[in-house]
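Engineer: Take a look at this one; I'll ask things after.
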Amino acid sequence: MNLSVLESKLNRHKISFSKENEGIIIGKAKNDPISYIGLVILPIVFGIGIIIFLFFGVNGFRIEMAHISAAALFLIGLGSFNQWKRKRKRLANSFPKVFKDNKIIIQTPEQDFQLDKNSIVDIRISNKPLDKENYEGNLFIIDNENRIHHILGFHDENEKYVEDDLKWFVDFILKQTGLKK
């Protein structure tokens, strides 16, 4: 199994992983404090700061109050949207998935699920827009007991990249589990 390409795709989507013997463990989305500060904290703080500045006001400062208020609300909305995207990604990648020995082991608090060529019925993907510039890709495996297992979730600004990566992950899983030679 070609782990170097898998590693580069997981790194690009900021999904943490670790190598173990001849396998790989995919875990939660990586914590990226710099992007969290820049994309979530700063816009919200600046937006709230502008609102506080307008509320207490400076005498004589009445230049386009509506535009300034709109900018403040935009910053707060932008920070909130980025936080929402981060939470969705974290939820999508919340349980460890172990890829090794022609099977995938999904570790949940209730039980571990082993998926291989005998238990996988279907692999489904979804690529949907979050807004005009962001797309979310998800990969699901349906087992022989009709349980749906969420394997990966990530987002990108380019719909084609999400689509191509989803197809690559499906092909990787088919080869990994022995469903495709």
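The values are calculated or read from the model by the stated rules, or taken from the named source; none is laboratory data. All figures in this text were calculated on a predicted structure; none of them were measured in a lab. Note that each Cβ is placed from the backbone with ideal geometry, even for glycine, and that neighbours are counted across all protein chains shown. Ligands, DNA and RNA are excluded from the accessible area calculation, which covers all protein heavy atoms including side chains. Shrake-Rupley method; radii C 1.70, N 1.55, O 1.52, S 1.80 Å.
Engineer: Pairs K103/K180; K97/K160; K85/K160; K19/K87; K14/K180; K103/K128: which exceed 23 Å Cα-Cα?
Structural biologist: Result: K97/K160; K19/K87; K14/K180; K103/K128 exceed 23 Å.
Engineer: Also, quick follow-up: Cα axis of helix 159-177 to longest principal axis of the chain: angle in degrees, 0 to 90, nearest 10?
Structural biologist: 30 degrees
Engineer: Contour minus end-to-end for N144 and K117, with contour as 0.36 nm per residue of separation and end-to-end as the Cα-Cα distance? Walk me through the numbers before you get to the answer.
Structural biologist: Values: separation 27, 0.36 × 27 = 9.72 nm, distance 1.03 nm.
Value of the extension gain: 8.7 nm.
Engineer: Sticking with this structure for a sec: Could you give the dipole magnitude of the chain about its Cα centre, charging the beta-carbon of Lys and Arg +1 and that of Asp and Glu -1, in debye to the nearest 20? Numbers along the way, then the final one.
Structural biologist: Working: 26 positive and 22 negative charges, 25 e Å.
Computed charge dipole of the chain: roughly 120 debye.
Engineer: Using a simple spin-label model with points 7 Å from Cα along the Cα→Cβ vector, what separation in nm is obtained for V5 and K128?
Structural biologist: 2.9 nm
Engineer: For Y161, what accessible surface area do you get with a 1.4 Å probe? Give it in Å², rounded to 10.
Structural biologist: Y161 exposes around 120 Å² with every protein chain in place.
Engineer: Still on this structure, I have one more. What does the accessible area of I125 come to, in Å² to the nearest 10, when a probe of 1.4 Å is used?
Structural biologist: 80 Å²
Engineer: Net charge near D164, counting Lys/Arg +1 and Asp/Glu -1 over other residues with Cβ under 13 Å of its Cβ?
Structural biologist: Counting the neighbours of D164, the net charge comes to -1.
Engineer: Additional query: Could you report the chain's accessible area per residue, 1.4 Å probe, as an integer in Å²?
Structural biologist: Numbers: 10980 Å² over 181 residues.
Per residue, the chain has 61 Å² of solvent-accessible surface.
Engineer: To continue, here is another question. Taking K132 as the anchor, which aspartates and glutamates have their alpha carbon closer than 20 Å to its alpha carbon, excluding any fewer than eight residues away along the same chain?
Structural biologist: D156, E157, E159, E163, D164, D165
Engineer: Given the rule -39500 (n - 2.57) for each run of at least 4 DSSP H residues, summed and divided by the residues of the chain, what is its mean residue ellipticity at 222 nm, to the nearest 500 deg cm²/dmol?
Structural biologist: Helix contribution divided over all residues of the chain: -14000 deg cm²/dmol.
Engineer: Ok, one more. Among (i) 22.1; (ii) 17.1; (iii) 18.6, which one is Kirkwood radius over Cα pairs in Å computed from these coordinates?
Structural biologist: (iii)
Engineer: Ignoring ligands, DNA and RNA, how do D143, D112 rank by accessible area with a 1.4 Å probe, largest first?
Structural biologist: On the way: D143 5, D112 90 Å².
Most to least solvent-accessible, the answer reads D112, D143.
Engineer: Nearest 10 degrees, 0 to 90: what angle lies between the long axis of helix 42-56 and the longest principal axis of the chain (Cα atoms)?
Structural biologist: Roughly 20 degrees, rounded to the nearest 10.
Engineer: Within the accessible area of the chain, what % is carbon and sulfur when the probe is 1.4 Å and the other protein chains stay in place? Could you put the intermediate results ahead of the total?
Structural biologist: Details: 6250 of 10980 Å².
Carbon and sulfur atoms account for 57 percent of the accessible area of the chain.
Engineer: Counting only C-alpha contacts under 8 Å and six or more residues apart, can you give the relative contact order of the range 33-87 as a whole percent?
Structural biologist: Values: 38 pairs, mean separation 30.9, N = 55.
About 56 percent, as a whole number.
Engineer: At R0 = 35 Å, how high is the FRET efficiency between K167 and F55 if r is their beta carbon distance? Nearest 0.05 is fine.
Structural biologist: Computed FRET efficiency for K167 and F55: 0.10.
Engineer: Using the charge dipole of the chain (Lys, Arg: +1 at Cβ; Asp, Glu: -1 at Cβ; taken about the Cα centre), state which of V45, I148, N158 has its Cα farthest towards the positive end.
Structural biologist: Farthest along the dipole direction, towards plus: V45.
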